[in-house]
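Working notes for the structure below.
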């Protein structure tokens, strides 16, 4: 199948494109490269463009039987809210309309941010997002008409979130910043499990949580990196960011009724990142 991947040059996108190519699909990456490098991913074709440009998106979509829509503004700190809205909602609307014209299957990467503050996030629950990122994603979901993956906190080698930051800085004894008290929890899901869920979405319709069903605090992640590397974290606490939720945990009972389930435990995922960052575990082993 010919598949278009918007945001295909990003962290999740590059991993997804590699998987689709290995599955035998013909893949086109559509990206504006505002937050990613213009580097080849296997045999994937690269088209530079903005998802808000209807003509460019329509041209890129022609001849494709499916689209994985990953392109979005993900950062909410110090980012103009109009840009977030116009990219995540208006841009998504453009992509979905172009897919409809081609009768193409849509797999949409949404976010746990649509839930807002919730101790346990269930797909059927009312969503009350606390920031423009979550609000724009929720509005886009209502237009999707395909498979919607509500991704929780994705991490893995070459990722950009708190797990990756801690794995990169703590072993070097460099300071790490924690917003608030660090007691806020997240459901951390490994990149390979996310890619598997997105690919499964080619055969599904509806909204599905993609997480592990477990919550871990930010400070617990720091402790895990400390335990593995024996490097004591140098934590700099700063004011909590407005709109940040305190707890996040996925109910994954719905997606577990399909062929998908999370395979990578957080500790194993952290170890893989540390290895990718060049950490030498033999040094730790020699201390025992």
(request) With an 8 Å cut-off on Cα pairs and a minimum separation of 6 or more residues, tell me the relative contact order of segment 2-286 in percent. (result) 17
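Fully extended, how many nm does the chain gain between residue 247 and residue 45 (0.36 nm per residue separation, minus their Cα-Cα distance)?
The residue 247-residue 45 span can extend by a further 68.8 nm.
Using the count of nearby Cβ atoms within 10 Å as a rough guide to exposure, how do 127, 144 rank from fewest to most?
Ascending Cβ contact count within 10 Å gives the list 127, 144.
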(request) Rounded to the nearest 0.05, what FRET efficiency do residue 261 and residue 130 give with R0 = 35 Å and r taken as the Cβ-Cβ distance? Could you check? (result) 0.75
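Considering only segment 2-286, what is the antiparallel percent among its DSSP beta bridges, to the nearest 5?
5
So if R0 is 22 Å, what FRET efficiency would residue 280 and residue 158 give, r being the distance between their Cβ atoms, rounded to the nearest 0.05?
Plugging the Cβ-Cβ distance into 1/(1 + (r/R0)^6) gives 0.70.
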(message) Principal axis extents for the chain, Cα atoms only, whole Å, descending order, please.
(response) 60, 40, 38
(message) If I build a Gaussian network model for the chain, linking alpha-carbon pairs within less than 10 angstrom, which residue out of 97, 277, 227 has the largest mean-square fluctuation?
(response) 227
(request) Have a look at 42, 91, 134 and tell me which one the Gaussian network model of the chain (Cα, springs below 10 Å) gives the largest fluctuation. (result) 42
(message) Cα atoms only: what Rg and Dmax, in Å, come out for segment 108-157?
(response) 10.8, 33
(request) Order by neighbour count: 114, 5, fewest other Cβ atoms within 10 Å first, most last. (result) 114, 5
(message) If I stretch the segment between residue 143 and residue 232 completely, what's the gain in nm (0.36 nm per residue apart, minus their alpha carbon distance), one decimal?
(response) 27.4 nm
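We did not get these values from a lab; they are worked out from the coordinates using the rules stated. These figures come from a predicted structure and were not determined experimentally. Neighbour counts are summed over all protein chains in view; Cβ atoms, including those assigned to glycine, are modelled from backbone coordinates with ideal geometry.
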